[in-house]
């Protein structure tokens, strides 16, 4: 009798300690703190500087569009192409030397520049070598979407979001969210830098994540969500699920012991 009571007590304790808590599964919790100052911090985000492998979309416009047609990708060879396909074929990829090849203008170095600085550089080159002020040249330069990869306890694959800024929360939502066994407190972001790759972590259960320098993702980021220990142990996510699993295991063991001692 005492043995059975001990087993039930052990199962109850294990159920309470092995299940995934609400805190581990909730996003951006406040913990009774004021968040006004935190929300302001994210607006101090530094502008992204272009790296090798980035894909840029560049368009040149003027009062007479025919005179700038030679600077723009044709874009009409495959009218049935999707937006992503069109950007891939008509965009400008930054090569290993940090250059892009623009029709007629040739190679232009963009490594380490912001979108605004690249736009100003192209505008200056056009006005210096090809047009006068009266042509009213208008240049737009944008990253051709923010591409990132997700691995682990999250929808896996390569994702593209066509926005200028994408937060880690938007990236997670776009990938289908973190699964129940995913470690939301230690989401890893593998980011590319000129000197190589670095691994950063962010706790998306805490609203202070909004103040993190990694709250906004960058092109070519890899987001990795590792599993919680509960997954390796094979327990359920709720107390009832854990208790049921443990109770079933204990019942089998007890039955085996009773049969062996008869």
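Conditions (1) exposed (fewer than 13 other Cβ atoms within 10 Å of the Cβ); (2) over 30 Å from residue 226 (Cβ atoms), marked per residue:
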position	(1), (2)
94	no, yes
102	no, yes
119	no, yes
126	no, yes
130	no, yes
134	yes, yes
145	no, no
174	no, no
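Listed residues 217, 207; which is within 27 Å of residue 96 (Cβ to Cβ), in contact with a helix residue (DSSP H, G or I) (Cβ under 7 Å, 6 or more places away or on another chain) and in contact (Cβ under 8 Å) with a residue 12 or more places away in the chain? Steps first, answer last, please.
Details: 207 fails: within 27 Å of residue 96 (Cβ to Cβ).
That would be 217, the only listed residue that is within 27 Å of residue 96 (Cβ to Cβ), in contact with a helix residue (DSSP H, G or I) (Cβ under 7 Å, 6 or more places away or on another chain) and in contact (Cβ under 8 Å) with a residue 12 or more places away in the chain.
Does residue 134 qualify as being free of Cβ contacts under 8 Å to residues at least 40 places away in the same chain and either under 24 Å from the mean Cα position of the chain (by Cα) or part of a helix (DSSP H, G or I) (or both)? Quick ask: steps written out before the conclusion?
Working: free of Cβ contacts under 8 Å to residues at least 40 places away in the same chain: yes; either under 24 Å from the mean Cα position of the chain (by Cα) or part of a helix (DSSP H, G or I) (or both): yes.
Here the answer is yes, as residue 134 does meet what is asked.
Among all residue pairs at least 6 apart or on different chains, which show Cβ distances below 6 Å where the first residue, located in the stretch 138-165, is at positive phi and touching a residue at least 40 places away in the same chain (Cβ under 8 Å) and the second is assigned to a loop (DSSP other than H, G, I, E, B) and surrounded by 13 or more Cβ atoms within 10 Å (Cβ to Cβ)?
Pairs that qualify, where the first residue is at positive phi and touching a residue at least 40 places away in the same chain (Cβ under 8 Å) and the partner is assigned to a loop (DSSP other than H, G, I, E, B) and surrounded by 13 or more Cβ atoms within 10 Å (Cβ to Cβ), are 145/162; 152/226.
For the condition within 30 Å of residue 230 (Cα to Cα) and modelled with pLDDT under 90, what is the one hit in 165, 195, 156, 188? Before you say what the answer is, go through the steps one by one.
On the way: 165 fails: within 30 Å of residue 230 (Cα to Cα); 195 fails: within 30 Å of residue 230 (Cα to Cα); 188 fails: modelled with pLDDT under 90.
Of 165, 195, 156, 188, the one residue that is within 30 Å of residue 230 (Cα to Cα) and modelled with pLDDT under 90 is 156.
For the stretch 104-117, which residues satisfy the criterion of being surrounded by 16 or more Cβ atoms within 10 Å (Cβ to Cβ) and within 19 Å of residue 162 (Cα to Cα)? Break it down into steps so the answer makes sense when it comes.
First, the residues of the stretch 104-117 that are surrounded by 16 or more Cβ atoms within 10 Å (Cβ to Cβ): 105, 108, 110-111, 113, 115.
Passing the criteria: only 115.
Looking only at the stretch 181-215, how many residues end up being outside any loop (DSSP other than H, G, I, E, B), closer than 26 Å to residue 143 by Cα and out of contact with any strand residue (DSSP E or B) (no Cβ under 6 Å at 6 or more places or on another chain)? Lay out the reasoning, then the answer.
Step one: of the stretch 181-215, the residues outside any loop (DSSP other than H, G, I, E, B) are 182, 184-193, 196-202, 206-211.
Going one step further and asking which of them are closer than 26 Å to residue 143 by Cα, we end up with 187-193, 196-202, 209-211.
Now narrow it down to the ones that are out of contact with any strand residue (DSSP E or B) (no Cβ under 6 Å at 6 or more places or on another chain): 192-193, 196, 210-211.
Going through the stretch 181-215 one residue at a time, the tally reaches 5.
The values are calculated or read from the model by the stated rules, or taken from the named source; none is laboratory data. What you are looking at is a predicted structure, and each value in this text was computed from that prediction instead of being measured. When we count neighbours, we look across all protein chains shown, and the Cβ atoms used for this are built from the backbone with ideal geometry, even at glycine.
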